[in-house]
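Student: One structure follows; several queries about it will come next.
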Amino acid sequence: MPDVRIMVLHPNEQHCEQILAAFRQYDSELELIPIADLRQGPSRVKEEHPAAVVVGVDSPNDPALGTVEAIRAVTEDVGIIVVSKEPTRELLVSCMRAGSDEFLEFPIDADELSKALAGLFKRKGIFTQGEGTVLSVFSVSGGAGVTTVACNLAALIARELRAPKSSCIVDLNLQFGSVALTMDILEFSHTLADAAHEQERLDENLLATFMSDHESGVAVLPAPVSLEEAEGLDPWRIRGVIQTCRKVYNYTILDLPHTIDDGSIVALDESDEILLLCEMLLPSIRRTIRALETFKELGYRSEKVKFVINRYYDSHEISLDEVAKHVNQPIHWLIPYDSRPIMSSLNSGQALDIVDPDCQATRSLRALARTTAGLAPTQKAKKKGLFSWAR
């Protein structure tokens, strides 16, 4: 691992030393800097540029929460880990809104610390350990085809790679998720809620028991089936599930709801790439612009967000160049409007490449899957002209 500097801000000397000991146990080569005076935190971060800062916060009224906000205001680059001996859902949400990236219970569990640092370091680009890629499919417009694209992309990656654990899909639309239905998985014993509740001991073997198998080879983790299950899910538990999926599968596809809330922010944070879907319609374009502004506020790099036109058609009212200009984002991919095979796919529960392997939408999605998975394009995917998918 490259040299990594971590500051530990805690006024309690004994607690601070226990936190330092946990980090030393994780990696003895970490450069650890204890700071007892929380007021020094923001200025020290600005001057010394640590990779991460650990802050002890024990209640939503704890002054240390203000330190988290002040550090985040100084820089978006530093990772912020909150450690608390009194973790509650209210405190979790308060810490997220203040700008923390990870949340650990005190005293620190070694496995939880390992998961938190692995995810944080990967997001910050400090180092990788051969873990898989997480990709979110998202749109702020309802009915933009997010689930259709996510399901077919996950299935096509599995078919193209033809290897165990090539891909999985996680349905994060907690209230109205339809990934299982779209993939014709009508009976399943477990959902995301089960995996999240077991997040502390979730490993490859336990995760496998919660997954449903699709004929393409993709593993499917359905959304909760009741509001009661959905309401009890902490964003940090969802993050733990995503991190475990990253360790087990080459590609984890996240099907997100059309809102930017605490749960979706966790998923977007964990993602290496975000496929931001937009249609050739003015309301969709306007909402997409607002989403991009929000992503910028969240500190996402521009290269993390891939702008995708879904249901593309040759419009006389607005051109692709005009869309790209308004959105101020290059177009990464075009998925053509191909209503008949897509409707047949949705109504039958079959993947699009099974319904019509040679329709324009299938060819575009297959090319996107191969590009995402780092595979060479097929001859058909190289077609130029109106339907040259990659822009």
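Student: Filter region 289-299 down to the residues that are in contact (Cβ under 8 Å) with a residue 40 or more places away in the chain and over 18 Å from residue 135 (Cβ atoms), then identify the one that is surrounded by the fewest Cβ atoms within 10 Å (Cβ to Cβ).
Tutor: Selected residue: 290.
Student: Sticking with this one: Examine region 230-243 for a residue that is of a type in the set (S, T, N, Q), touching a residue at least 60 places away in the same chain (Cβ under 8 Å) and in contact with a helix residue (DSSP H, G or I) (Cβ under 6 Å, 6 or more places away or on another chain), and state whether such a residue exists.
Tutor: Checking region 230-243: at least one residue is of a type in the set (S, T, N, Q), touching a residue at least 60 places away in the same chain (Cβ under 8 Å) and in contact with a helix residue (DSSP H, G or I) (Cβ under 6 Å, 6 or more places away or on another chain).
Student: Of a type in the set (Ser, Thr, Tyr), touching a strand residue (DSSP E or B) at 6+ places or on another chain (Cβ under 6 Å) and under 20 Å from residue 345 (Cβ atoms): which single residue out of 178, 167, 216 fits that description?
Tutor: 167
Student: Sort out for me the helices (runs of 4 or more DSSP H) sitting completely within region 102-200 that have 3 or more residues that are modelled with pLDDT of 90 or more and out of contact with any Asp or Glu (no Cβ under 6 Å at 6 or more places or on another chain).
Tutor: 146-161, 179-182, 192-197
Student: Pull up region 53-75, narrow it to residues that are aliphatic (A, V, I, L, M) and part of a helix (DSSP H, G or I), then point me to the one that is farthest from residue 299 (Cα to Cα).
Tutor: 64
Student: Another question, then. Determine, yes or no, whether residue 302 is in contact with a helix residue (DSSP H, G or I) (Cβ under 7 Å, 6 or more places away or on another chain), among the small types (Gly, Ala, Ser) and either more than 26 Å from residue 93 (Cα to Cα) or surrounded by fewer than 15 Cβ atoms within 10 Å (Cβ to Cβ) (or both).
Tutor: In short, no.
Student: Within region 308-362, which residues are small (Gly, Ala, Ser), farther than 15 Å from residue 151 by Cα and assigned to a loop (DSSP other than H, G, I, E, B)?
Tutor: Residues satisfying the conditions are 315, 319.
Student: Then there is this: When region 188-220 is examined, which residues are found to be acidic (Asp, Glu) and either farther than 16 Å from residue 232 by Cβ or in contact (Cβ under 8 Å) with a residue 60 or more places away in the chain (or both)?
Tutor: Scanning region 188-220 gives 200, 203, 204, 213, 215.
Student: Tell me, yes or no, whether region 289-306 has at least one residue that is among the acidic types (Asp, Glu), in contact with a strand residue (DSSP E or B) (Cβ under 7 Å, 6 or more places away or on another chain) and over 15 Å from residue 136 (Cα atoms).
Tutor: No, region 289-306 contains no residue that is among the acidic types (Asp, Glu), in contact with a strand residue (DSSP E or B) (Cβ under 7 Å, 6 or more places away or on another chain) and over 15 Å from residue 136 (Cα atoms).
The values are calculated or read from the model by the stated rules, or taken from the named source; none is laboratory data. It should be emphasised that the depicted structure is a prediction, and the values quoted were computed from it without experimental measurement. Here Cβ is always computed from backbone atoms with ideal geometry, including for glycine, and neighbour counts include all displayed protein chains.
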